[in-house]
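Working notes, structure below.
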Amino acid sequence: MRTALCEKFGIEHPIVGFTPSEHVAAAISRAGGLGVLGCVRFNDPAELDRALHWMDENTGGRPYGVDVVMPAKIPTEGTSVDLAAMVPPEHREFVERTLTELGVPPLPSEERAGNGVLGWLHSVARSHVDIALKHPIALIANALGSPPPDVLARAHDAGVPVAALAGTAEHARRHVDAGVDVVVAQGYEAGGHTGEIATMVLLPEVVDAVGDRAPVLAAGGIGTGRQVAAALALGATGVWMGSAWLTASEYSLGMPDSATQRALLAATSSDTVRSRIYTGKPARLLKTRWTQAWAAPGAPDPLPMPLQNILVSEAHQRMARADDPAAVAMPVGQIVGRMNQVRPVAELMSALLTELDDTLTRLDRLR
Ligand SMILES: Cc1cc2nc3c(=O)[nH]c(=O)nc-3n(C[C@H](O)[C@H](O)[C@H](O)COP(=O)(O)O)c2cc1C
């Protein structure tokens with residue numbers, strides 16, 4: 001299956017994979033898709049540089065992209081120390097009380113608490129762009145709005161196309177007006193930050209709004225070949241998948257069988273919730289005792305980005321160590337109900353393509 005996206009990026013299959021893991025991103029590119037590495041978790045630009053050097057050596061010369069997070073509404077800037085001081089003590093007390101109720105032990109004395117994700121501050125995201133442009137990237141994507149004009153101009157000067165995620169047709173129109181080259185129409189079902197319109201409704205609206213000004217990729221709820229076929233039928237030039245790679249074997253390198261992975265494998269499509277508790281903006285997460293505690297009467301309102309993640313970052317670290325699948329913090333979409341086995345990216349890709357092919361054959365017989 002080849003579409004205009006394959007020509008544009010020199011890839012074999014019209015499948016783009018967003019992932020926070022350089023191991024998964026490289027495997028997606030090696031399997032003939034376009035792996036896109038999420039940069040938001042890299043508080044230290046030098047660490048991102050190392051990850052991209054690793055990708056340069058492990059993608060077999062295949063193209064790959066990066067994803068940064070520059071919200072259209074700029075969150076409060078500041079150092080991690082200033083920002084931590086802005087977190088109200090009552091919120092900290094709620095987190096501590098909740099972790100005690102969930103039986104999550106404190107960090108061992110030798111482990112330092114992290115600072116929280118700072119990659120959504122424009123200052124940090126700009127450092128990601130600076131580093132990424134030193135590597136042979138094929139795409140820069142931005143979540144949460146069109147990238148600022150100077151970032152778009154820098155990418156274009158370097159010959160790198162820019163993608164942006166859209167949760168409404170109006171977002172998509174604004175992206176192409178701003179000069180964005182690829183629109184990712186991301187529906188409500190998606191893992192991570194997401195809007196309120198389902199992919200089935202959103203995608204044709206975005207395709208019609210954008211017309212021939214930019215290719216549109218479908219995101220949200222895609223994890224099987226039938227869903228890829230549906231996305232193409234609705235007018236997409238390709239798909240952009242995020243959740244499905246979380247159970248790839250390359251994702252769990254170093255910690256197979258983690259509580260998070262066990263929770264993902266067991267979850268059904270009813271086991272997600274859209275909540276502001278991860279970042280301060282609405283994001284779809286795995287529903288667990290942790291998300292339920294924040295939804296219970298008396299729980300505080302989540303803080304705005306970036307303070308909420310600073311508030312909960314140590315809690316995330318503690319839950320990850322506690323090894324209890326009922327209390328983990330993980331963004332994932334409704335497709336989690338189909339993520340029932342751990343397998344290498346290459347296998348996942350080949351299953352997608354086989355089912356896509358079978359679906360197209362079946363549909364062709366209906367004519
Ligand atoms: C764990 C996780 C982290 C994500 N982080 C980001 C991010 O940093 N930037 C971004 O543009 N999208 C992010 N997303 C959204 C994905 O790019 C993608 O749009 C979404 O996963 C597609 O829907 P799906 O989860 O149903 O495949 C994230 C998704 C997940 C599951």
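The values are calculated or read from the model by the stated rules, or taken from the named source; none is laboratory data. Because the structure is a prediction, the values reported are computed rather than measured. Positions of Cβ are backbone-derived with ideal geometry, glycine not excepted, and every protein chain shown enters the neighbour counts. Ligands, DNA and RNA are stripped out before the accessible areas are found, and what is left, the full protein with its side chains, is counted by its heavy atoms. Shrake-Rupley method; radii C 1.70, N 1.55, O 1.52, S 1.80 Å.
Points to keep in mind about this one:
- Inter-centroid distance (Cα atoms) of the range 187-257 relative to the range 338-358, Å: 15 Å
- Carbon and sulfur %, accessible surface of the range 26-150 computed with the full protein complex present, 1.4 Å: 56 percent
- Alpha-carbon centroid distance for the pair the range 262-321 / the range 15-79, whole angstrom: 23 Å
- Candidates His171, His53, His316, ranked by Gaussian network fluctuation over the chain, Cα under 10 Å, top entry: His53
- Cα shape, the range 7-161, gyration tensor, a/c 1.5 rule: prolate
- Taking amide H as placed 1.01 Å from N in the peptide plane, Leu139 has its amide H under 5 Å from the amide H of Val66, each at least 5 places away in sequence or on another chain.
- In degrees, nearest ten, helix 89-101 long axis to first principal axis of the chain (Cα): 90 degrees
- Helix 199-210 and the long axis of the chain differ in direction by around 60°, with both axes built from C-alpha atoms.
- Convex hull of the chain built on C-alpha atoms - directionally averaged projected area, nm²: 17.7 nm²
- Three-way shape call for the range 275-328 based on the alpha-carbon gyration tensor, with the a/c threshold at 1.5: oblate
- Qualifying GluC sites (Glu not before Pro) for the range 162-212 [loop in DSSP, other Cβ within 10 Å: at most 14]: Glu196
- Surrounding net charge for Ala166, when Lys and Arg each add one and Asp and Glu each subtract one, Cβ distance under 11 Å: 0
- Taking a quarter of the surface of the Cα convex hull of the range 280-367 gives a mean projected area of 9.2 nm².
- Neighbourhood charge, 14 Å Cβ-Cβ cut-off, centred on Pro306 and excluding it, Lys, Arg +1 and Asp, Glu -1: +2
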